[in-house]
Amino acid sequence: MIAIVSQAWTLDAGAEADAYVAGWEDFATLLDAEPGYRGRVVLRDTGDPTHFTNIRYFDRLEDYETLIHRPGYAERIDALGTHLQLETPPVKQVADVVLRDGVS
């Protein structure tokens, strides 16, 4: 299993952050049907409520790469990006999951 971990900062801690969260909730319609997709966690920093960490779990890196080339994926990412501070570019990391509790 791999994890795709990304960091993002919204334009503000109010309406823009709420819209970003709603966008991630909507994103589930695309993710849930994706082969190899195992779940996600979206975290919001308590010290900086504009900072979000998104963790998506996949069986293999190839499953994630297939997803990002699906029709509609880029448009959904672009829609999420409208709520972000793009002068602080989102950071993405691919990691092997070596220990997991409660993640199937």
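Only the coordinates and a few stated rules stand behind these numbers; no lab work does. Just so you know, these numbers come straight off a predicted model, no measurement behind them. All Cβ positions, glycine included, derive from the backbone under ideal geometry; neighbour counts span all protein chains shown.
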If each of Glu62 and Asp12 carries a label point 7 Å out from its Cα toward its Cβ, how far apart are those two points in nm? 4.7
Under 5 Å from the placed amide H of Val97, counting only residues 5+ away or on other chains, we find Ile2, Ala3
Over the Cα atoms of the stretch 2-96, compute the convex hull volume and normalise it per residue, giving Å³. 91
Using the count of nearby Cβ atoms within 10 Å as a rough guide to exposure, how do Phe27, Phe58 rank from fewest to most? Phe27, Phe58
Once you have the Cα-Cα distance between Ile77 and Thr46, take 0.36 nm times their residue separation minus that, and quote the gain in nm to one decimal. 8.8 nm
What is the local net charge at Ala19, summed over the other residues whose Cβ is closer than 14 Å to its Cβ (Lys, Arg +1; Asp, Glu -1)? -4
Put in order of increasing Cβ neighbours within 10 Å, starting from the fewest, His51, His69 give His69, His51
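Pulled fully out, how much extra length does the chain show between Val94 and Glu34, if you take 0.36 nm times their separation in residues and subtract their Cα-Cα distance? Display every interim value, and only then the final one.
Working: separation 60, 0.36 × 60 = 21.60 nm, distance 1.79 nm.
That pair, Val94 and Glu34, stretches by 19.8 nm at full extension.
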